[in-house]
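Asker: Take a look at the following structure, please.
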Amino acid sequence: MGSAKIARTQIAPAILEAGYPIQAVASRSLNQAQAFAQSVGAPSSYDSYEALLADNQVDAVYIPLPNHLHVPWAIKAMAAGKHVLCEKPIALNSADLQPLLDAAANFDGTLMEAFMVCHHAQWSAIHQRILPAIGDLRALHAVFSYGLSDETNVRNVPEWGGGGLLDIGCYAVLAGRWCFGAEPVGVQSSIDLDPQFGIDRQTSALLDYGQGRTLSLTVCTQGARYQRLLMLGSKGWAELEIPFNAPNEGVRIRLAPEGGIGAGEVIEIAPQNQYASMVSAFAQQIESGKAWNNLEQSAAVIAVLDQIRANARKG
């Protein structure tokens, strides 16, 4: 549903790589829909999302629309009997999410928020290799930054759910939940607003997980292109060099089980398309025939994003 860049450059190729056909494409522009459909071998194209949902040949839909449209169209897709893979963030805030939670409670299909990072081998390695090696996890430091000055980009439109906190802050918050296996008990934050766009262009936060455990995060949409996830344990440390939008060519993790500066080993993670892995996981859930969704995770992450906004000192 839609011809967003991520649909064209990441998800459509991932669907095909995972071995599944694309049946139809819908866009507000029929010409765009037809061109997109032709490029991926889809037999049908539509100039409305309603028409796509009415297509009986379509079993599942991917929703990469602007953030404020995720919940209403996910609900409409479920009502049409379609399985749903919805781009993150699946909702703007907890209040926005509630109607989707209500609808999902009576949905017998699959609904997945598209956190592709959960399906990458380096995130599996966090539990399988890193945490057992560094002792008690004491602190996480997450940074994700890129530069975006285009005023027409949906990520720079506050009414559509633009801004860095929703776009990439969700990854940092998810990393805290993934690594600590818990929700924060306290949040302090600072948000810098862009005077032209009105979106949060930089957010920094300190999340307290109790017993001295913390996650410090900075996300920025008007900074240098950079990302890292540093994990500090009671005995050692580890660093994921490209923790979030990992390239298909493979990534590295630096692991120092005994600590030290410049020490440790380099773990090479094999080439992997994390989007294709996510699509495969989504398809496997559908093929199981059981009702399934990952909204518990979604709700937890969004609740923390709400706290970061509510507790922020704004500049």
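Asker: Out of LEU131, LEU140, I need the residue that is touching a Gly at 6+ places or on another chain (Cβ under 9 Å) and assigned to a strand (DSSP E or B). Which one? Steps first, please.
Answerer: Working: LEU131 fails: assigned to a strand (DSSP E or B).
Sole residue among the options that is touching a Gly at 6+ places or on another chain (Cβ under 9 Å) and assigned to a strand (DSSP E or B): LEU140.
Asker: Which of the residues that make up segment 158-198 are within 19 Å of the chain's Cα centre (by Cα) and aliphatic (A, V, I, L, M)?
Answerer: If the condition is that a residue be within 19 Å of the chain's Cα centre (by Cα) and aliphatic (A, V, I, L, M), then LEU165, LEU166, ILE168, ALA172, VAL173, LEU174, ALA175, ALA182 are the ones that fit.
Asker: Taking the options LEU193, LEU206, LEU215, name whichever one is closer than 30 Å to VAL154 by Cβ and crowded, with 22+ Cβ neighbours inside 10 Å. Spell out the reasoning first.
Answerer: Working: LEU193 fails: crowded, with 22+ Cβ neighbours inside 10 Å; LEU206 fails: crowded, with 22+ Cβ neighbours inside 10 Å.
That would be LEU215, the only listed residue that is closer than 30 Å to VAL154 by Cβ and crowded, with 22+ Cβ neighbours inside 10 Å.
Asker: So which residues in segment 143-164 are surrounded by 19 or more Cβ atoms within 10 Å (Cβ to Cβ), in contact with a helix residue (DSSP H, G or I) (Cβ under 7 Å, 6 or more places away or on another chain) and in a helix (DSSP H, G or I)?
Answerer: Residue satisfying the conditions is ARG155 alone.
Asker: Right, another one. For the condition among the hydrophobic types (A, V, I, L, M, F, W, C) and outside the structural domain of PRO21 (by TED's automatic domain parsing), what is the one hit in ALA80, ALA125?
Answerer: ALA125
Asker: In addition: Between a residue in segment 243-270 that is farther than 24 Å from PHE115 by Cβ and any residue that is part of a loop (DSSP other than H, G, I, E, B) and of a type in the set (A, V, I, L, M, F, W, C), which pairs come within a Cβ distance under 9 Å, given they are 6 or more apart or on different chains?
Answerer: Filtered contacts from segment 243-270: ALA256/ILE134; ALA256/ALA263; PRO257/ILE134; GLY259/ILE134.
Asker: In segment 283-304, what count of residues is obtained for those that are within 20 Å of CYS170 (Cα to Cα) and in contact with a Ser or Thr (Cβ under 9 Å, 6 or more places away or on another chain)?
Answerer: Quick first cut of segment 283-304, residues within 20 Å of CYS170 (Cα to Cα) only: 293-304.
Filter again for in contact with a Ser or Thr (Cβ under 9 Å, 6 or more places away or on another chain), leaving 293, 299, 302-303.
Result for segment 283-304: 4.
Asker: Just give me the residues in segment 1-27 being among the basic types (Lys, Arg) and free of Cβ contacts under 8 Å to residues at least 24 places away in the same chain, in sequence order.
Answerer: We begin by selecting, within segment 1-27, every residue among the basic types (Lys, Arg); these are 5, 8.
Answer for segment 1-27, where residues must be among the basic types (Lys, Arg) and free of Cβ contacts under 8 Å to residues at least 24 places away in the same chain: just LYS5.
Asker: Looking at GLN297, is it out of contact with any Lys or Arg (no Cβ under 9 Å at 6 or more places or on another chain) and not in a loop (DSSP other than H, G, I, E, B)?
Answerer: Against the criterion (out of contact with any Lys or Arg (no Cβ under 9 Å at 6 or more places or on another chain) and not in a loop (DSSP other than H, G, I, E, B)), GLN297 does not qualify.
Asker: Select from segment 1-54 the residues that are part of a helix (DSSP H, G or I), crowded, with 17+ Cβ neighbours inside 10 Å, more than 24 Å from the chain's Cα centre (by Cα) and of a type in the set (Ser, Thr, Tyr) and list them in ascending order.
Answerer: none
Asker: I've got another one for you. When segment 103-128 is examined, which residues are found to be in contact (Cβ under 8 Å) with a residue 24 or more places away in the chain and not in a helix (DSSP H, G or I)?
Answerer: PHE107, ASP108, GLY109, THR110, LEU111, MET112, GLU113, ALA114, PHE115, HIS120
Asker: I would also like to ask the following. In segment 280-294, what residues are part of a helix (DSSP H, G or I) and of a type in the set (S, T, N, Q)?
Answerer: Listed by number, the residues that qualify are SER280, GLN284, GLN285, SER288.
Asker: I've got another one for you. For ALA91, indicate whether it is part of a loop (DSSP other than H, G, I, E, B) and touching a helix residue (DSSP H, G or I) at 6+ places or on another chain (Cβ under 7 Å). If you could, list the steps in order and put the result at the bottom.
Answerer: Values: part of a loop (DSSP other than H, G, I, E, B): yes; touching a helix residue (DSSP H, G or I) at 6+ places or on another chain (Cβ under 7 Å): yes.
So ALA91 passes the test.
Asker: What do you reckon, is ALA276 out of contact with any strand residue (DSSP E or B) (no Cβ under 8 Å at 6 or more places or on another chain) and of a type in the set (A, V, I, L, M)?
Answerer: Answer is yes for this residue.
The values are calculated or read from the model by the stated rules, or taken from the named source; none is laboratory data. The model shown is predicted, which means the values in this text are computed figures rather than measured ones. Every residue, glycine as well, gets a Cβ built from its backbone with ideal geometry; the counts of neighbours run over all protein chains shown.
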